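Structure record follows, encoded as structure tokens.
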Amino acid sequence: MTARRRPLVRVLVGALAVVLVLCCCGVAVGGWAFARAGTDTVGEVDFVRPLAVPPLAASRVDGQGRRMFDLLAREGSRDFRGDGRRTRTAGFDGDFLGPTLRAKRGERVVVNVVNRLAEETSVHWHGMHLPARMDGGPHQTIRPGATWSPTWTVDQPAATLWYHPHPHGATEEHVYRGLAGLFLLDDDREAALPLPRRYGVDDVPVIVQDRSFSGSGQFRKTRNMISSIGVLGDTLLVNGTVGPFLDVTTERVRLRLVNASTARLYDFGLADGRRFDLIGSDGGLLPRTARLDRVRLSPGERAEIVVTVRPGERITLRSTGPDLGAGALADRFAGGRDRFDVLELRAADRLVASPAVPDALVPMDRLDPASAATTRTLEFLGRGINGRSMDMDRIDFAATRDTTEVWEVVNRDGTPHNFHVHDAQFQVLTVDGEAPPPALSGWKDTIYLPPNRPIRIALRFTDHTDPDVPYMYHCHLLYHEDAGMMGQFVVVEPGQSLGRPPRHGAHAPHR
Ligand code: C2O
Ligand code: CU
Ligand code: CU
């Protein structure tokens, strides 16, 4: 018997050894990947460049009283780090990013968008309530050399909106190269509040994007293979500036934080842990100011904060690991433990006094979920929503004008996703069954979806019906959007049914 057993023992011992070696290799590779996956720039950033502030776009009022802007999308290049290596980029009216458009509630605007790129693009007005054919989604493409001139009447509260291309399957690429800018809306309610509002002085855009550079200085497009959330960079650009500082001359400064990154989430706060006043989110001012020490933003989200500084100090805006709610491993590989020094605020020795930020901001009528005409469930999983991938020819559903809807949006993946809807700003009813935190108490158009925690939102569709031309809803991690995690809906008149999307595609005639 023993003579027979020996070979078996030997085989077992051998197998065990192999398994052990494989395990060790696995642990070593895993550990290496785990360590390498992290980025931490805290204390490492040289704040040597003044923060670029995007210029306000020039505009003119035409014979019909419309405020008219021009935007030209083009290629360019820039030496971001001052080492002589020029990065190939794209921008509006310049090499990288674009000017800030600004209009007031009630104004009719026209934007003449000229495409000087070598390929088709589009320009979407993220957060804007407007007719679907003016929305700039994948159905409103602009051929190279062509001009597109959408027009609409601004009819929503003062807010920090932004614009960026939205071509079918190539949004990530176009935004990554630098095509994005701000669209600020003003109104009388906001103007009546004692808030900092001198653009570039005490009211400053902070457009945050992460990039990595190759040896020759090009933007690296290597996707994170383990977490599949897209491209995560190790260097921050703020309004296109690497290592930015801002000279602050007033006691309080309003920062309009915009996460214009393609995949990365941030959790912004001040390095010394002091609180700031959160006054606004995606769709405008909050009902009440929230005193917070952190605000998390997923791609596409905005927050308006007011920071109070002391004379002569330097204080850093920092992002610490955003809670992705996806478990330790997924969090790590999706940037959930990454930290960045973002922007240095340099307070002057003598500061101009600023009024205190009021507690009450703007009234907000709550949408009543009990009056909802329809409740929809949107499940984010794999490369689609509700098991379907984006199809330009399929309209997923129709919402009816003058109705309220409740949408239950849930991430059924282990991977981080977020949710963005065009046309309508929404109110958050619950997050995983609980009342929303202060940062989600105002109007939103984009929201993070932690895995397996349903978000319930209420939306109201008011006007701009069109049975044929759809609006989009999608994950704003742009790699996911491009991969098909997007759907289309139309807003129709009562009793009207949904139609058919216009002809499109690379070979279809331009509409
Ligand atoms: Cu910011 Cu559908 O996009
Ligand atoms: Cu949008
Ligand atoms: Cu996603």
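Being without any contact (Cβ under 8 Å) to a residue 60 or more places away in the chain and out of contact with any Phe, Trp or Tyr (no Cβ under 7 Å at 6 or more places or on another chain): is that true of Arg133 here?
Working: without any contact (Cβ under 8 Å) to a residue 60 or more places away in the chain: no; out of contact with any Phe, Trp or Tyr (no Cβ under 7 Å at 6 or more places or on another chain): yes.
Taking the combined requirement at face value, the residue does not satisfy it.
The residues of region 114-162 that are open to solvent by 10 Å² or more (accessible area, probe 1.4 Å) and among the hydroxyl-bearing types (Ser, Thr, Tyr), listed by number, are Thr141, Thr147, Ser149, Thr151, Thr153. Out of all the residues in region 268-324, which are within 15 Å of Phe340 (Cα to Cα), surrounded by fewer than 20 Cβ atoms within 10 Å (Cβ to Cβ) and in contact with a Leu (Cβ under 6 Å, 6 or more places away or on another chain)? Hit for region 268-324 is Ile315, nothing else. Just one of the listed residues (Gly433, Gly442) is on the phi > 0 side of the Ramachandran plot and either within 14 Å of ligand 2 (Cβ to nearest atom) or not acidic (Asp, Glu) (or both), namely Gly433. Every condition in (1) among the hydrophobic types (A, V, I, L, M, F, W, C); (2) over 15 Å from the mean Cα position of the chain (by Cα); (3) within 21 Å of Leu161 (Cα to Cα) holds for Leu265 except the one numbered (2). In the set Ala439, Ala458, Ala483, Ala424, only one residue is in contact with a Pro (Cβ under 6 Å, 6 or more places away or on another chain) and either among the hydroxyl-bearing types (Ser, Thr, Tyr) or at pLDDT 95 or above (or both); that residue is Ala458. Being among the charged types (D, E, K, R) and near ligand 1 (Cβ under 10 Å from one of its atoms): is that true of Asp135 here? Spelling it out, Asp135 is indeed among the charged types (D, E, K, R) and near ligand 1 (Cβ under 10 Å from one of its atoms).
Checked against the criterion of being of a type in the set (Val, Ile, Thr), modelled with pLDDT of 95 or more, not in a strand (DSSP E or B) and not assigned by TED's automatic domain parsing to the domain that holds Val175, the candidates Val42, Val29 yield just one match: Val42.
Would you check which residues across region 339-367 are assigned to a loop (DSSP other than H, G, I, E, B) and surrounded by 12 or more Cβ atoms within 10 Å (Cβ to Cβ) and list them?
Residues of region 339-367 assigned to a loop (DSSP other than H, G, I, E, B): 353-359, 361-367.
Of everything in region 339-367, those that are assigned to a loop (DSSP other than H, G, I, E, B) and surrounded by 12 or more Cβ atoms within 10 Å (Cβ to Cβ) turn out to be Ser354, Ala356, Val357, Pro358, Leu361, Val362, Met364, Leu367.
Listed conditions (1) open to solvent by 10 Å² or more (accessible area, probe 1.4 Å); (2) touching a strand residue (DSSP E or B) at 6+ places or on another chain (Cβ under 9 Å); (3) basic (Lys, Arg) are all met by Arg383, apart from (2).
Filtering Ala118, Ala158 for residues that are more than 24 Å from Phe426 (Cα to Cα) and assigned by TED's automatic domain parsing to the domain that holds Tyr176 leaves a single hit, Ala118.
For region 449-481, the set of residues classified as farther than 27 Å from Arg401 by Cα and more than 10 Å from ligand 3 (Cβ to nearest atom) consists of Pro450, Pro451, Asn452, Arg453, listed by residue number.
Just a yes or no: is a residue in region 417-427 within 16 Å of ligand 1 (Cβ to nearest atom), farther than 30 Å from Val306 by Cβ and open to solvent by 10 Å² or more (accessible area, probe 1.4 Å)?
The answer is no, given that none of the residues of region 417-427 is within 16 Å of ligand 1 (Cβ to nearest atom), farther than 30 Å from Val306 by Cβ and open to solvent by 10 Å² or more (accessible area, probe 1.4 Å).
Considering only residues of region 105-131 that are closer than 19 Å to Trp162 by Cβ and of a type in the set (Gly, Ala, Ser), which is nearest to ligand 3 (Cβ to nearest atom)? Taking the candidates together, the pick is Gly127. Could you run through region 229-247 and say how many residues are within 16 Å of ligand 3 (Cβ to nearest atom) and among the charged types (D, E, K, R)? Summing the residues that are within 16 Å of ligand 3 (Cβ to nearest atom) and among the charged types (D, E, K, R) in region 229-247 gives 0.
The values are calculated or read from the model by the stated rules, or taken from the named source; none is laboratory data. Predicted, not measured: the structure shown is a model, and the values here were computed from it. As a convention, Cβ positions derive from the backbone with ideal geometry for all residues, glycine included, and neighbour counts pool all protein chains shown. When the accessible area is computed, the model is the full protein with side chains, heavy atoms only, and any ligands, DNA or RNA have been set aside. Shrake-Rupley method; radii C 1.70, N 1.55, O 1.52, S 1.80 Å.
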